[in-house]
1. Which parts of the range 202-236 would a label at Ser157 reach, counting a residue when its backbone N lies under 20 Å from a point 7 Å out along Cα-to-Cβ?
2. What are the extents of the Cα atoms of the range 264-347 along their three principal axes, in Å, largest first?
3. Checking the cross-link filter: which lysines have an alpha carbon closer than 27 Å to that of Lys129, excluding same-chain neighbours under 8 positions apart?
4. Tell me the label-point distance for the pair Ser301, Glu180, using the 7 Å Cα-to-Cβ offset, in nm and rounded to one decimal.
5. Need the full-extension length gain, Ser134 to Lys201, defined as separation in residues times 0.36 nm minus the C-alpha distance. One decimal, nm.
6. Could you give the length gained by full extension between Ala149 and Lys43, i.e. 0.36 nm per residue of separation minus their alpha carbon distance, to one decimal place?
7. Using a Förster radius of 25 Å, what is the FRET efficiency between Arg343 and Phe378 based on their Cβ-Cβ separation? Nearest 0.05, please.
8. Among Gly280, Val295, Pro256, whose Cα projects farthest towards the positive end of the dipole of the chain, with charges put on the beta-carbon of Lys, Arg (+1) and Asp, Glu (-1)?
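Read-outs: derived from the displayed coordinates by stated rules, not from any lab. Remember, it's a predicted structure, so these values are computed and weren't measured experimentally. When we count neighbours, we look across all protein chains shown, and the Cβ atoms used for this are built from the backbone with ideal geometry, even at glycine.
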Amino acid sequence: VGDASNFNNMVGNMFSTFFYGSGNKEKEEVLKFKSPEIESAIKHLAEDTKGDAELIQKAADNITALKFKLKYGIVRCDYEYIPTRGDPGNPSTFNSDTNILKAEGWTFEAVQRGMTENGTYPASEFRLKKSDGSVDEYWTKLWNCFPDANGSASNRSGYVRVTEKVQVEGDGCIEGYFDEEDYVKGEVYRYEPEVIEQKMKETIEKLEASGVCGVTADVGYSQAFQESVRNLASVPVVLSSLQQLSFVAPAYDLRPVSKNKIMVMTANLKTFSDKLIPPGVDKDCIQVIGTETGVFGKWVSGGNSFSRFKVDAFDEASVEKGFESMCEMCKNGIEKVEKEGGRVVCIVQECAEMPAYSNGLRRRFKVPVYDTITAIEFVQMGRDFGQYSAYMM
């Protein structure tokens, strides 16, 4: 094929025939919003190869090579639920390959505690039996699900059994989690701070050895560990969606006179700390909205697994019902800012289970929404094939 325009028309016709003629309704609808992008790619490829078969193949091979470098690393906290699409813990969230690993001992509760004032990791504990001898189902489930739901406690290491509560005055990150009687009469295992830090280091090393191009965590409160994990890695680290505030905030007029706000949506306002706002970001321009009073926040705190539709819910929670709850919370937050004479210029979602609702919030409230996945895509863009750029590589 020597003529670029003929090549362009030929490939476009073949593509349209394949999809539109397939009788597949999903494909047909996807093509309606994807076709401009695809047609543009065909046009650009034709321009940069003049229809030469050898150049076309070379361009295709080079694009594939770039796409191959987009594998992404996800650090999961030592927690267990079935993540729905949109959650970074679910591989179907991504168009690229992923490596998703738990950091042993780095529990959700430990992540909530954050780093100590001395810059060390928090301790974490698992209570398998309470003081009355009954099994603690929540912690036992987590204890047995390592390195994943099909794992077992036999895969764990580095912990110790504790028979008295650790109490450190002025340092809540290190002290014990449970009642004193639980340590004496129950069964509690503990990961010391230095052990959790070492486990994190090993997790990052495994991710990097697998060829990931960046690292993000599956919990928004991980922002407290951004500096530590960044220093452990050689690839870019955007541990939490909240890190985006450092480059989103300067893009908007957030002067006090404007009364404008960036709205941060968090799963639980009660446990959200100003320390999670990146350095250099004016905390006064941030409006934090908690979702803990709605069903979404309650399901997240309860560790429920989300189905897509209410009718299919196997663990009560569903994206369909969660979206209704998220919209209500979002509406309340926007109205609060507007009553004070300002406007919400964008939304940043803290919780890594929130990206499933980003499209709906963008459409309903007509504001930009940044989440864990936009943070990941930002890192990947630096390595990805750019359709605007030349196909000559």
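1. Backbone N within reach: 202-210.
2. Sorted from largest, the Cα extents of the range 264-347 read 42, 26, 17 Å.
3. Lys102, Lys141, Lys165, Lys185, Lys199, Lys298
4. So the label points at Ser301 and Glu180 sit 2.8 nm apart.
5. Taking 0.36 nm per residue and subtracting the Cα distance, the gain is 20.6 nm.
6. Going from the current span to full extension adds 33.5 nm.
7. So, using R0 = 25 Å, E works out to roughly 0.55.
8. Projecting each Cα onto the dipole axis, the largest value belongs to Pro256.
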